[in-house]
1. Provide the FRET efficiency to the nearest 0.05 for the A13-H105 pair, computing r from the beta carbons and using R0 = 25 Å.
2. Enumerate the lysines that K158 could reach by cross-link, defined here as Cα to Cα under 17 Å, with residues fewer than 8 away along the same chain left out.
3. Can you tell me the dipole magnitude for the chain around its Cα centre, using point charges on the Cβ only (Lys, Arg +1; Asp, Glu -1), in Debye to the nearest 20?
4. Would you tally the net charge around V172, using a Cβ to Cβ cut-off of less than 15 Å, leaving V172 out, and scoring K and R as +1, D and E as -1?
5. According to the square roots a ≥ b ≥ c of the eigenvalues of the Cα gyration tensor, what is the shape class of the range 66-169, taking rounded for a/c under 1.5, prolate for a/b larger than b/c otherwise, and oblate for the remainder?
6. Quick one: among S196, S155, S167, which has the greatest mean-square fluctuation in a GNM of the chain with alpha-carbon springs under 10 angstrom?
7. State, to one decimal in nm, how far the label point of E60 lies from the label point of T123, with both points 7 Å from Cα in the Cβ direction.
8. Nearest 500 deg cm²/dmol is fine: what mean residue ellipticity at 222 nm does the chain get from its DSSP H runs of n ≥ 4 alone, each adding -39,500 (n - 2.57), divided by its residue count?
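FYI, it's all coordinate maths here, none of it is from the lab. Since this is a predicted model, take the numbers as computed values, not measurements. Cβ atoms come from the backbone with ideal geometry, glycine included; neighbour counts cover every protein chain shown.
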Amino acid sequence: MRLAPSLLAANFANFERDIKEVEKAGIDLLHIDVMDGHFVPNITMGMDVVKAIRPLTSCELDVHLMIEHADAFIHDFANAGADMISVHVEACPHLHRTIQLIKQHGVKAGVVLNPATPVDVLTSILGDIDFILIMTVNPGFGGQSFIHSMVDKISALKAMIDERNLSIEIEVDGGINAETLPLCLKAGATLFVAGSAIFGKENRQKAIQDLLEKDFS
Ligand code: DX5
Ligand code: ZN
C-alpha cells in the first residue's frame with residue numbers, strides 16, 4: 001500500500017515545511033485537490049500551485065481534478081509536474097478523450113467515482129486507465145466522515161478488475177483514518193489518501209506510521 005497525504009489539510013502558507021515533514025516519515029506520494037467552485041462547492045488550488053510544489057519534493061504528485069472542462073487544463077497540469085491525474089466521470093462527457101489526453105502527456109490516468117456513481121460506468125474504459133479513485137466522501141471538503149457503504153463498492157470494483165486480469169490500482173479518498181483504512185485495504189484498495197488523519201494531527205510522523213502499520217496488522 002501507499003499513503004498519499006492530502007495537501008488540502010496542510011498549511012497553505014507553509015506547504016514546503018509540511019511536505020518536508022511527511023517526506024521524513026517515508027512518504028513518496030502527495031495528493032493535490034483541485035476544485036473549481038462549479039463541479040464542487042469549494043475553490044482550492046490550480047496548476048501554479050502544482051508548479052511551485054514540484055521543485056520542493058521528489059514525491060510523485062497525484063492531482064485530483066474536481067473541475068468541469070478538464071480537457072482544457074490537462075496540458076497545464078502535466079507541464080506543471082503532475083505524475084498522476086484523475087478526472088471525475090460525472091464531470092467528463094468525453095471521458096475516453098480526456099483519458100487519452102492525460103496519457104499522451106506521459107502521466108498516469110485515473111478515473112474518479114463519486115459515492116453515488118456505480119462501478120458499472122467503468123466497463124468500457126477499464127482497459128484504458130491506470131487507476132481508479134473511489135470517493136469515500138462526497139467531494140469538496142476535507143474532514144468529512146467515511147461512507148461505510150463504499151467498502152462493498154471497492155470489493156465489487158476489485159472483482160471486476162481481477163475478472164478481466166487487469167493491473168489497475170484502486171485509490172480511496174475521504175475520511176481515511178486508522179479505523180477505515182484497514183476496511184478499504186481488505187476490500188482491495190492500495191492507494192490511500194489522508195488529509196485530516198495526517199495534517200490534522202500534532203505528530204504527523206506518528207500519524208503516518210500508525211496508518212502504514214495497518215498493512216501488517
Ligand atoms: C475531498 C478531497 C480529499 C480530502 C480528504 O473532496 O478529495 O482529498 O482532502 O480529506 P480527509 O482525509 O480529511 O477526508
Ligand atoms: Zn482528493
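1. Details: r = 30 Å, r/R0 = 1.20.
Approximately 0.25, to the nearest 0.05.
2. K158 reaches K186.
3. Working: 17 positive and 29 negative charges, 49 e Å.
Once rounded to the nearest 20, the dipole reads 240 debye.
4. Working: positive: R2, K153, K158, K186, K214; negative: D33, D62, D152, E169, E171, D173, E179, D215.
Residues close to V172 contribute a combined charge of -3.
5. On the way: a/c = 1.90, a/b = 1.25, b/c = 1.51.
Verdict is oblate for the range 66-169.
6. S167
7. It works out to 3.0 nm between the two label points.
8. On the way: 8 runs with 72 residues, N = 217.
Result for the chain, helices only: -9500 deg cm²/dmol.
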